[in-house]
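The structure appears below as structure tokens.
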Amino acid sequence: KFLNRILGLEIYRQQMLFDYFARYLQKTVESAIRDGTHARGVSTCGGRRVTFRDFKPLRLVTPTPTVKQLELLSVAVDQGFAYDDALAKLQEVTGDANISGDPVLAQNREFISTAQVGRFGSRDGFRLQRYDKKPILIIEVGTASLRGLSVQTDEFQVYHPDKLREPLTWQWKKVEYNYPTAVSPSQARVPWTRAFERRNLRAENYILTGPILYCWPFVLKCQYKEDIVMKKSIQLIRAIEKQEDGKETGQVAIGILLDTRKAPEIAKFVEQSNMTNEGIVRAMEIETNLIEDQKKQKRRRGYRTA
């Protein structure tokens, strides 16, 4: 309905209104993610290679018998981003299959001349860190309708050779301060390949699988107790085991993604919790009250600053 209504406006008014809508929607989603109120559904544990390392059975007594036992699964994920993949990503957004070696990256998106600067996407490309010269790839965030316009969002998706991409976007000031040097793809090849080869291949994710509906209130409670970063939300994740060539082995696991540093503590807390129906209801009530109290405190702080 919204899109149909703006069709009656002039083209430039359509662009301005839709751009405002897209930015407001993005800010709202990012704020909800930070506050733990955004329902992200089931995400996929992705990477170049996903390996199931260890299934650790947990002792869990549930109110009703369950077929599958609760298990703590250790998953190794190779999130490296090879240079060829990064270059293909840059070619995809610039629409240029033959990107030159010009160190000043003013590439176009589809039809903008490379001589034009100050346009959306004109700063896309490889950059080097201030001190250790570690490379990144930045892609300006926005809709396809912004192509060809003198509109810069100043927000960028950041890709790394050793961890694919950042979960949140970066502001241009942060990019420019930490990675001040723009380089051409040919200049970025060597440092990017070097950082890719030094990536951590032993990083692990921990997934709680099995009858998770019984234990998720206690996982949430322990996240508050251990004061982890994303303590307000439970992240469901699906891991599909696959080799580096992308071929899947057929092993699939779905469960709760635990904080990497506090996974053993959370698993132990769940084992020692009371999994009766009354205990689960009580745990849910306690966590709901905690969240409501935090919201009230945040509103009070907002009133004081106002």
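Throughout, read-outs are computed from the coordinates displayed, never taken from laboratory work. Remember, predicted model here, so these are calculated numbers, not experimental data. Don't worry about glycine lacking a Cβ; one is built from the backbone with ideal geometry, like all the others, and counts go over all protein chains shown.
Relative contact order, percent, of the stretch 146-274 when contacts are C-alpha pairs under 8 Å separated by at least 6 residues?
Result for the stretch 146-274 is 21 percent.
What does the extension gain come out to for Asp85 and Tyr20, with contour length at 0.36 nm per residue minus their alpha carbon separation?
Stretched fully, the Asp85-Tyr20 segment lengthens by 20.2 nm.
PRE reach from Gln243 (point 7 Å along Cα→Cβ): which of the stretch 69-87 fall under 17 Å by backbone N?
Residues 78 qualify, since their backbone N sits under 17 Å from the label point.
To the nearest 0.05, what FRET efficiency results for Ile234 and Arg130 with a Förster distance of 35 Å applied to their C-beta separation? Can you show the working numbers first?
Details: r = 38 Å, r/R0 = 1.07.
In this case the efficiency is close to 0.40.
For a Förster distance of 35 Å, can you work out the FRET efficiency between the beta-carbons of Lys163 and Gln297, rounded to the nearest 0.05? Please report the intermediate quantities before stating the final value.
Working: r = 34 Å, r/R0 = 0.97.
Step by step, r from the Cβ atoms, then E = 0.55.
How much length is gained on full extension from Gln272 to Lys225, taking 0.36 nm per residue of separation minus their Cα-Cα distance?
15.5 nm
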